[in-house]
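*Asks:* I have a structure here, written as structure tokens, and I will follow up with some questions on it.
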Amino acid sequence: MDANAIAYLASVWVLPVLLAVTLHEVAHGLVADRLGDDTARRAGRVTLNPIKHIDLVGTILLPGLLLALGAPFLFGFAKPVPVNFSRLRRPRRDGILVALAGPAANIVLACLGMLLLNLVRGPSDSLGLWLYDNAVNLILINVWLAAFNLLPVPPLDGGRVLLGLLPAPFAALVASRERQIALLLLALILLLPLLLSRLGINFNPIHWILGPVVRGFLTVIETLFLFVGAAA
């Protein structure tokens, strides 16, 4: 891949990735603030300024490296918004709502991406093509990020939902193993697929597990826009 191709690829991924991770974290902080915990707001994290949410490794270096290597997937993360769950008015219930706010924000962004896609469909110039590619990537990164974060595995948002639903003793046991679970998850979805791909072995458990969920999200979003278009 030459320098021009890499530059164009970066230009159509940077904005969608920044929007996805920024709005995801802002949603967590905003809902937590509304439910009684202002930790994120006091830390200056309830803001649309992406600089406040960028993690050097997770938001820039890791996705860039995966793009450069031609990896079969794109993975990244932002700095988690600080949430003091004990300050929420109803910690277990409100903790679930805070966790679900991030994926919900990503689905809303995917819908906005679909709106943009319909506005610039069939581009006839370079700007139109650039907007079209940004819209496609905005949809893809957000549906994949929403689906991935809904996995019932700590420290993902779905894991936070799981902790809120489990009886307290089991929730405490799972929470105490969060670091080990996170390392195992990274090895399974990142290191092992990359190593095996060097050997010509296709091992991509994230696509196998989340593919049906992503296709379901896309079907719902496309159906919604078809319905709205027909109604209009």
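*Asks:* Condition test on Val98, is it under 17 Å from the mean Cα position of the chain (by Cα), at pLDDT 90 or above and surrounded by fewer than 15 Cβ atoms within 10 Å (Cβ to Cβ)?
*Replies:* Working: under 17 Å from the mean Cα position of the chain (by Cα): yes; at pLDDT 90 or above: yes; surrounded by fewer than 15 Cβ atoms within 10 Å (Cβ to Cβ): no.
For Val98, the condition - under 17 Å from the mean Cα position of the chain (by Cα), at pLDDT 90 or above and surrounded by fewer than 15 Cβ atoms within 10 Å (Cβ to Cβ) - is not met.
*Asks:* Here are the criteria: (1) modelled with pLDDT under 85; (2) part of a loop (DSSP other than H, G, I, E, B); (3) under 24 Å from Ala101 (Cα atoms). Tell me which single one Ala71 does not satisfy.
*Replies:* So Ala71 meets the others, but not (3).
*Asks:* Which of (1) surrounded by 23 or more Cβ atoms within 10 Å (Cβ to Cβ); (2) closer than 15 Å to Val220 by Cα does Cys111 not meet, given it meets every other one?
*Replies:* It fails just one condition, (1).
*Asks:* Could you tell me how many of the residues in region 189-216 are in contact with a Pro (Cβ under 6 Å, 6 or more places away or on another chain) and part of a helix (DSSP H, G or I)? Break it down into steps so the answer makes sense when it comes.
*Replies:* Of all residues in region 189-216, those in contact with a Pro (Cβ under 6 Å, 6 or more places away or on another chain) come to 203-204.
Checking which are part of a helix (DSSP H, G or I) leaves us with none.
Within region 189-216, residues that are in contact with a Pro (Cβ under 6 Å, 6 or more places away or on another chain) and part of a helix (DSSP H, G or I) number 0.
*Asks:* Condition (residue is modelled with pLDDT of 90 or more and under 24 Å from Val14 (Cβ atoms)) applied to region 193-206: is it met by at least one residue?
*Replies:* No: zero hits.
*Asks:* Within region 182-192, restricting attention to residues that are surrounded by 16 or more Cβ atoms within 10 Å (Cβ to Cβ) and within 15 Å of Leu156 (Cα to Cα), which residue is modelled with the lowest pLDDT? Full working, then the answer.
*Replies:* Taking region 182-192 and keeping what is surrounded by 16 or more Cβ atoms within 10 Å (Cβ to Cβ), we get 185, 189-190.
Checking which are within 15 Å of Leu156 (Cα to Cα) leaves us with 185, 189.
Values: Leu185: 84, Ile189: 79.
In this case the residue turns out to be Ile189.
*Asks:* Right, here's the next one. Which residue pairs have Cβ atoms under 9 Å apart, sit 6 or more places apart or on different chains, and have a first residue in region 20-34 that is on the phi > 0 side of the Ramachandran plot and modelled with pLDDT of 95 or more and a second that is assigned to a helix (DSSP H, G or I) and buried (at least 24 other Cβ atoms within 10 Å of the Cβ)?
*Replies:* Every condition considered, no pair remains.
*Asks:* Pick from region 125-146 the residues that are assigned to a helix (DSSP H, G or I), modelled with pLDDT under 90 and not small (Gly, Ala, Ser): which of them is farthest from Asp157 (Cα to Cα)? Break it down into steps so the answer makes sense when it comes.
*Replies:* Pass one, region 125-146, residues assigned to a helix (DSSP H, G or I): 126-146.
From what's left, modelled with pLDDT under 90: 126-129.
Filter once more, keeping what is not small (Gly, Ala, Ser): 127, 129.
On the way: Leu127: 36, Leu129: 34 Å.
Filtering first and then ranking leaves Leu127.
*Asks:* Are there any pairs, at least 6 apart or on different chains, whose C-beta atoms fall under 7 Å, with the first in region 52-63 and within 18 Å of Leu190 (Cα to Cα) and the second in a helix (DSSP H, G or I), and if so, which?
*Replies:* That search, which allows pairs on different chains as well, returns Thr59/Val21; Pro63/Val17.
*Asks:* Further question on the same structure: Count, please, the residues in region 35-61 that happen to be exposed (fewer than 15 other Cβ atoms within 10 Å of the Cβ) and either assigned to a helix (DSSP H, G or I) or of a type in the set (Phe, Trp, Tyr) (or both).
*Replies:* Residues meeting the conditions: 5.
*Asks:* How many residues, within region 2-21, are over 13 Å from Trp130 (Cβ atoms) and not small (Gly, Ala, Ser)? I'd like the intermediate steps shown before the answer.
*Replies:* Of region 2-21, the ones over 13 Å from Trp130 (Cβ atoms) are 2-6, 17-21.
When the remaining residues are screened for being not small (Gly, Ala, Ser), the result is 2, 4, 6, 17-19, 21.
Summing the residues that are over 13 Å from Trp130 (Cβ atoms) and not small (Gly, Ala, Ser) in region 2-21 gives 7.
*Asks:* Oh, and also: Do you know which of the residues in region 112-124 that are in contact with a Phe, Trp or Tyr (Cβ under 8 Å, 6 or more places away or on another chain) and not aliphatic (A, V, I, L, M) is modelled with the highest pLDDT? Quick ask: steps written out before the conclusion?
*Replies:* Within region 112-124, the subset in contact with a Phe, Trp or Tyr (Cβ under 8 Å, 6 or more places away or on another chain) is 114-115, 117-118, 120-121, 123.
Applying the additional criterion that residues be not aliphatic (A, V, I, L, M) yields 118, 121, 123.
Details: Asn118: 86, Arg121: 75, Pro123: 63.
Filtering first and then ranking leaves Asn118.
*Asks:* Does region 158-170 include one or more residues that are loosely packed, with under 15 Cβ neighbours inside 10 Å and either small (Gly, Ala, Ser) or in contact with a Pro (Cβ under 6 Å, 6 or more places away or on another chain) (or both)?
*Replies:* Initial filter on region 158-170 (loosely packed, with under 15 Cβ neighbours inside 10 Å): 165, 167-170.
Then keep just the ones that are either small (Gly, Ala, Ser) or in contact with a Pro (Cβ under 6 Å, 6 or more places away or on another chain) (or both); that gives 168.
So far as region 158-170 goes, yes, one or more of its residues are loosely packed, with under 15 Cβ neighbours inside 10 Å and either small (Gly, Ala, Ser) or in contact with a Pro (Cβ under 6 Å, 6 or more places away or on another chain) (or both).
The values are calculated or read from the model by the stated rules, or taken from the named source; none is laboratory data. It should be emphasised that the depicted structure is a prediction, and the values quoted were computed from it without experimental measurement. Virtual Cβ from ideal backbone geometry, glycine too; neighbours counted across all protein chains shown.
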